[in-house]
Amino acid sequence: MAAVSVDINELGDLSETPAAEPAAPPPPASSSSIKETILATLVVTVIAAAMGALFAIPPTPATPIEKSESTPGGAVPTTAGLFEMPPIVTNLGSPQDTWIRLEASIVYDVKALPHPEAVAGEIAGDELAYLRTTTLAQIEGAVGLQNVRQDLNERAVTRSGGKVSELIIRTLVVQ
């Protein structure tokens, strides 16, 4: 191993820090990367503007459906009246400790049925008898509610002799 000798005078004053070399300026950004950034920003802006315009334009309406004389789909004729029936509260057929409250209205022909109170009472009695035989499993879910609605509509039309066109369930609470 070779020994290294250093003269202390050559080292100079240790309290002084050597002058730092000036930092090299950062390399200038290439013009191609700036152009790429501007191009990408413009492309994204154009795509965003196109999507905004696409969602801002409302869709063209379909051709209007011409109405016929009949009233399909539960449309109410102009000679129809609406009568709110008194609420019906009863227990279900099964389980016995479950109660049901039904508030309904009937849509009737004003010309054929000038006083709907009497027919509404008969329909309410028929609904009460029907609900007492219904089980909780029969009215569960959307399908069960639809079946109960159809059954009550059929009973109302039959009980009124066709003078009631629809029974509308306003509230149905099972407790």
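When the Karplus curve 6.51 cos²θ - 1.76 cosθ + 1.60 is applied with θ = phi - 60°, which whole-Hz ³J(HN,Hα) does each residue of region 145-150 get, with x for Gly and Pro?
Karplus values, whole Hz, x for Gly and Pro: 5, 4, 5, 4, 4, 5.
Suppose the chain between Q146 and Q96 were pulled fully straight at 0.36 nm per residue; how much longer would it get relative to their current alpha carbon spacing?
Extra length available between Q146 and Q96 comes to 15.7 nm.
How much FRET efficiency would the formula 1/(1 + (r/R0)^6) give for R170 and A137, where r is the Cβ-Cβ distance and R0 is 25 Å, rounded to 0.05?
E between R170 and A137, to the nearest 0.05, is 0.60.
Name the long-range amide H neighbours of I168: under 5 Å, sequence gap of 5 or more, or other chain; modelled H, no Pro or chain starts.
S105, I106, V107
Add +1 for every Lys or Arg and -1 for every Asp or Glu among the other residues with Cβ under 9 Å from the Cβ of R155, and state the total.
Numbers: positive: R159; negative: D126, E127, D151, E154.
With Lys, Arg at +1 and Asp, Glu at -1, the net is -3.
Just how many % of Cα pairs in region 117-175 lie over 20 Å apart, if you round to the nearest whole percent? Display every interim value, and only then the final one.
Details: 388 of 1711 pairs.
Value for region 117-175 (Cα pairs over 20 Å): 23 percent.
Consider a paramagnetic label point 7 Å from the Cα of K111 along Cα→Cβ; state which residues of region 78-99 have an amide N under 17 Å from it.
Hits in region 78-99 for K111 at 17 Å: 78-82.
For A56 and L42 in the same chain, what is the full-extension length gain: residue separation times 0.36 nm, less their Cα-Cα distance, in nm? Present the calculation step by step, with values, prior to reporting the outcome.
On the way: separation 14, 0.36 × 14 = 5.04 nm, distance 2.08 nm.
Full extension from A56 to L42 adds 3.0 nm.
Read-outs: derived from the displayed coordinates by stated rules, not from any lab. Bear in mind the structure is a predicted one, so any value in this text is a computation, not a measurement. Methodologically, a virtual Cβ is constructed for each residue, glycine included, from the backbone with ideal geometry; neighbour enumeration extends over all protein chains shown.
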